[in-house]
Every structure is written in C-alpha cells, then in structure tokens.
1. Working only within region 380-402, note down all residues that are among the acidic types (Asp, Glu) and within 19 Å of the chain's Cα centre (by Cα).
2. For region 138-242, list the strands (runs of 3 or more DSSP E) that sit wholly inside it and hold at least 1 residues that are in the same structural domain as PHE262 (by TED's automatic domain parsing) and buried (at least 19 other Cβ atoms within 10 Å of the Cβ); which are they?
3. Take the conditions surrounded by 20 or more Cβ atoms within 10 Å (Cβ to Cβ) and part of a loop (DSSP other than H, G, I, E, B) and apply them to ILE135. Does it pass?
4. Filter region 131-147 down to residues that are closer than 24 Å to LYS327 by Cβ and either in contact with a Lys or Arg (Cβ under 8 Å, 6 or more places away or on another chain) or of a type in the set (D, E, K, R) (or both), then give me how many there are.
5. Look at region 92-108 and say how many of its residues are buried (at least 21 other Cβ atoms within 10 Å of the Cβ) and in contact with an Asp or Glu (Cβ under 7 Å, 6 or more places away or on another chain).
6. Report, by residue number, each residue of region 1-40 that is of a type in the set (S, T, N, Q), modelled with pLDDT of 80 or more and over 21 Å from GLY430 (Cβ atoms).
7. Confirm whether ARG409 is out of contact with any strand residue (DSSP E or B) (no Cβ under 7 Å at 6 or more places or on another chain), free of Cβ contacts under 8 Å to residues at least 40 places away in the same chain and within 25 Å of LYS322 (Cα to Cα).
Amino acid sequence: MDSRIKTLILHTLVLLFVFLPAAPSHAEVNEKKILSFISKNSSSRKKIGVMVRSADTGKTVFRYNSKEEFIPASNNKILSSIAALSLLGKGFRFKTEFYLGGGIHSGVGHGGLYVKGFGDPTIDIEKLREIAGRIKALGITGIEGGIYLDGSYFDDIHYGEGWDPEWRGKSFCPPVTAISFNYNSAKIKISASRVQGVPATVRTEPAEFPFPIKNRVSTKLKRSGVRAQYNERNELRLSGYVSSRKKAETLEISVPDPFFYFGATLKQVLKKEGIEVSGPIERRRVPRWTGKIFTHYSEPLGAIIHEYNKESVNIIGESIVKVIGAKHLNTQGSWKSGTHVIENHLRRIGLNGNFSVADGSGLSRLNRVSPEDITEALHVAYGDPDISEEFVASLPIAGVDGTLKKRFRALKGRIYAKTGYLEGARSLSGYAFAKNGRVYVFSIISNGMGTRVKKLQNLLLRELVY
C-alpha cells in the first residue's frame, strides 16, 4: 500500500478517536488491585508515579505519587514534541542553504561550494542526491575551491549536559550540529569470511561512509565480539572476531565529525552526478560576498515528529531544541536557550510542577518531570486543534508500529503512547482509547523498579480500555 494512503488512513482513525463522542458510562479503575501491585513492588529506592485523567475534561481518574518528579527518559519527547508543534508550527521546515564563492564559467563553479545548515537532522543519502541533482541542473559540471560547511547557527557544544560520556560513539547519542547527515550515524556490517583467521568483510550504510576503516576483525567458530573505536585521526578501528556461524554482525555507530561526514559524502555524490570537486573540505562561515544558488527544505515538522516519536530518534529532538532557542531568542541555537523557551511555554500551557527540561530527547539524567505534568501536557495537546492530529498520530500505536509494535497486542490500536528507557528509569505515557468511547491520558514513570513496571503498565491499560 502506498505510504501516503497509509498516512491518510492513520490520520482518519486518529480523528475518529479524538473527536468520537464520549459514552455516558465511566470506566472504573480497580484501585485496590493497582495499589496492591505498587505496594509490593515499590520502595524508597524503587519509586513509581502514576496519573490518569479524562482526555476531554482533565478530571482525575487515578493518581499515585503523581506530583513526584522523575527522570522521564524518552517521555521527555512528549514535552519537546508538543512545544515544537506549538512554537514552530506543524508546517515549519528546516532549511539548508547552498552558495558559490564565485561565478560559473564554462560549467565550472569557482570559489568553492558553501553549505550553511540551520539544524535539519533529516538529510539522508537520497536527499543528498536530490541536492546534487539541483546543482547539476544549474549547468555545473565542476567545482573549484572545495566544500565549506557553516554550522554557526548552533553553538559548538555537541553533547548534552547529563549525557553519559560512555554513550559517545553510539548511534543513539550522536553529536548535535547545525549540519547533519544520516542522523550523524552509520551502520557497519561485518560478515564472516569462509576461512577462519582471514579478515572479515566490512560493508557500510551508507556505502559512501568517508572515514577510513582499519579492519582487524577475523573469523572464528566462537561467538562474535566486535569493537569499533575512532582514533585521533578519525579512523574507525574495528577489532575482535565474528562467528562463522553467524551471517553478519551489525554495529550502529555515530560519527566523530559531522561536518566532514556531510561534505565528504556530498563530494562523492556529486562525482557520481559527473561533478568533480577540487579543494578541501573544511568548516568555514559563509562570506558576505558569496551568491546563494538555492535552499533545500525538509519535510514539514508535522511529518518529522512522526519519525521522532515512533522510532525515538534522539537527534531530531536535540535539533528541534536548538532551533527553538535560535528562532525565539534570536541567538545561536543551544540547549540553554532552547530549553529555557520550552520550559516557559510549558508553564504557560498549565504545567506547574518543579519540572526541569535539560534536552529534547530525554537522554539527560537531569530531566525531571512528574506524571501530573506529563498528563497535563497530553491533555492540552489533545484539545488543541492546531496540533492534536499530528501529535497523537506521531505516537507509537500498540501492536501496530514504532516502539509499541510488539507490545500490548491485546490492546492493538487502542494505546497511543511514548515509551522511555534509561538505566534505572522506565516510562510510558500517552492516550488510551476505551471500548466504551472514553479517552484517557495516562503517565506511568518509574525510577529504580526495573522491568517489573511493565506488569503495572499492562494491568492499568487493560483496566482503562476494557
């Protein structure tokens, strides 16, 4: 089925749920059963907070420790998504500008190609090919002077406060920059050779991965164990072994230099279009005397939020935070400026707890929010016609897609919620569409309880739906 048709059907279902008249009966929550579970599984070190409200009226249905502030993990994406749709608008598009340092003579663009990024985290290999096609359409067959990357729209702090330094190099924790490519990450696929002791075969996604690879991975009978680490020259060193009994080992990594990643990959793509580039690939601000040749725009924010929430793509949220700071405070995009604007917006729409927003995605352990404030944000978003459809549809759907595709299958299509996980923190917040027509907003956040909280999630959501 065409993806546009799928999206139309999904939006129709969301609208039916969101605007369906509520049935007169009120679903009852078995408080005794829920409180019994909590008392047996929580303690001073194993905290949990729960809040359930009517999505229509905001009336409390159930609460437990609901005003306590918790580390929300990826439930922080709920707050940044709602703020982004409200502050930037669902039609907002990220832009990337392209300039030439000189004129075009006999098909050759002189003075180098300049790229100025404004935080678009969604440029992938297909979009780079589109960009190369636009350059070719201008009659350019060569570029003299190199490729220059201007990332000055954001500050040079690439990792958020409260992020674990051990995460650097992982695909879920890439550096956040105003110019990005492929979420500033890549996949390294390592396949066993037919002969033990012989180096394994390495492939990359994208195939144009420009960083040198030093392959020290060999094939053995025993199970795989592969390490990837960049050295000071940004060479990717692979070591360890891959099992001959396994088809392939896949590593998902971030890149050490997003600017070089973008520029070097663009250079390769241009070459495939018949456009040779001579000169360096460097960071440099766009000079005033350059001439803009075109601007590339992303998909609308309403569509990008879908990928952000359903697949929990962290770099999207961090780019959004910095863009919000840059646009609303007319300053260089930063976590400090962006989170300040977001916190003020959340207070304006009714959140009144001692919450703290440290980033967009929820990677930071400095984020704090209560289930009460999460449900207040969900309630406000549900009733806001400007953002309700895009926001609700962006959440993973139980038994259908995203991070809930394999969960709550007995409640398929009736739970739209964001999952969250950090070591010691688990969360689930969103909407429950009951069989009697009622719609509930809920938030379940635990710090220190581990996987046992999943049993409470199952118990509570079944109570709400049935």
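The values are calculated or read from the model by the stated rules, or taken from the named source; none is laboratory data. Since we're looking at a predicted model, the values are computed, not measured. Glycine also receives a Cβ, built like all others from the backbone with ideal geometry; neighbour counts cover every protein chain displayed.
1. GLU390, ASP401
2. Per the criteria, 142-144, 147-150.
3. No.
4. 0
5. Looking only at that region, the number is 2.
6. Hits for region 1-40 are SER36, SER39.
7. no
A quick yes/no check of all residues on (1) closer than 20 Å to GLY360 by Cβ; (2) of a type in the set (Ser, Thr, Tyr); (3) in contact with a helix residue (DSSP H, G or I) (Cβ under 6 Å, 6 or more places away or on another chain):
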position	(1), (2), (3)
SER81	yes, yes, yes
ALA84	yes, no, yes
LYS90	yes, no, yes
LEU100	no, no, no
ARG134	no, no, no
